[in-house]
Amino acid sequence: QVQLVESGGGLVQPGGSLRLSCAASGSIFRIDIMGWYRQAPGNPRELVASIDSNSSTNYVDSVKGRFTISRDNAKKSVYLQMNNLKPEDTAVYYCYAAIRPVGRLYDSPFWGQGTQVTASS
């Protein structure tokens, strides 16, 4: 059974930094795109950053220059380094991956359990 496990959320003051990690486990043949979404109360879930299997990245405009997404294919992991955090970054952050399990013909979407990130003084 494939699962994604996240770690690294917490409370920081505005201007602070956090690093989120997400590791995939289970019977995995291939991992394609990986990414991070976030959802603040009363708002829809939005894509924050994504990275494909060739390490091409994409960011929402509001985090460009502050957040960096990276991945380690050997560890089946994706990371989000968040610098200069702002109160508007406060949300639950979810890891996402398009994974092809062993024995399957197509990718399926998988989500982490979510981790709270709060930037507040």
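The values are calculated or read from the model by the stated rules, or taken from the named source; none is laboratory data. Please read all numbers here as calculations on a predicted model, not as lab measurements. Here the Cβ positions follow ideal geometry from the backbone for every residue, glycine too, while neighbour counts run over all protein chains shown.
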Query - Selection status of Q13, in contact (Cβ under 8 Å) with a residue 40 or more places away in the chain, closer than 19 Å to W111 by Cα and among the polar types (S, T, N, Q) - result: no
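How many of the residues in segment 71-81 are in a strand (DSSP E or B) and either in contact with a Ser or Thr (Cβ under 6 Å, 6 or more places away or on another chain) or surrounded by fewer than 15 Cβ atoms within 10 Å (Cβ to Cβ) (or both)? I'd like the intermediate steps shown before the answer.
Just the residues of segment 71-81 that are in a strand (DSSP E or B), to begin with: 71-72, 77-81.
Next, from what is left, pick out any that are either in contact with a Ser or Thr (Cβ under 6 Å, 6 or more places away or on another chain) or surrounded by fewer than 15 Cβ atoms within 10 Å (Cβ to Cβ) (or both): 72, 79, 81.
Number satisfying all stated conditions: 3.
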Requested in this report: Within segment 109-121, track down each residue that is touching a strand residue (DSSP E or B) at 6+ places or on another chain (Cβ under 9 Å) and either within 16 Å of I31 (Cβ to Cβ) or in a loop (DSSP other than H, G, I, E, B) (or both).
Outcome: P109, F110, W111, G112, Q113, G114, S120
**Report entry** Hey, S17 under 24 Å from R100 (Cβ atoms) and hydroxyl-bearing (S, T, Y) or not
**Finding:** no
Query raised in the report: Hey, does segment 101-108 have a residue that's within 16 Å of I33 (Cβ to Cβ), in contact with a strand residue (DSSP E or B) (Cβ under 9 Å, 6 or more places away or on another chain) and not in a loop (DSSP other than H, G, I, E, B)?
Result: yes
Report task. Scan (1) at pLDDT below 95; (2) under 28 Å from D107 (Cα atoms) for the single condition I28 breaks and write down its number. Result -> (1)
Query - Any hit, segment 55-66, residues being within 18 Å of V5 (Cβ to Cβ), modelled with pLDDT of 95 or more, assigned to a strand (DSSP E or B) and under 12 Å from the mean Cα position of the chain (by Cα) - result: no
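Among A97, A91, which is surrounded by 21 or more Cβ atoms within 10 Å (Cβ to Cβ) and within 22 Å of R30 (Cα to Cα)?
Numbers: A91 fails: within 22 Å of R30 (Cα to Cα).
Result of the check over A97, A91: A97.
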**Report entry** Residue under evaluation M34, criteria (1) more than 20 Å from Q116 (Cβ to Cβ); (2) in contact with a Lys or Arg (Cβ under 7 Å, 6 or more places away or on another chain); (3) assigned to a loop (DSSP other than H, G, I, E, B), criterion not met
**Finding:** (3)
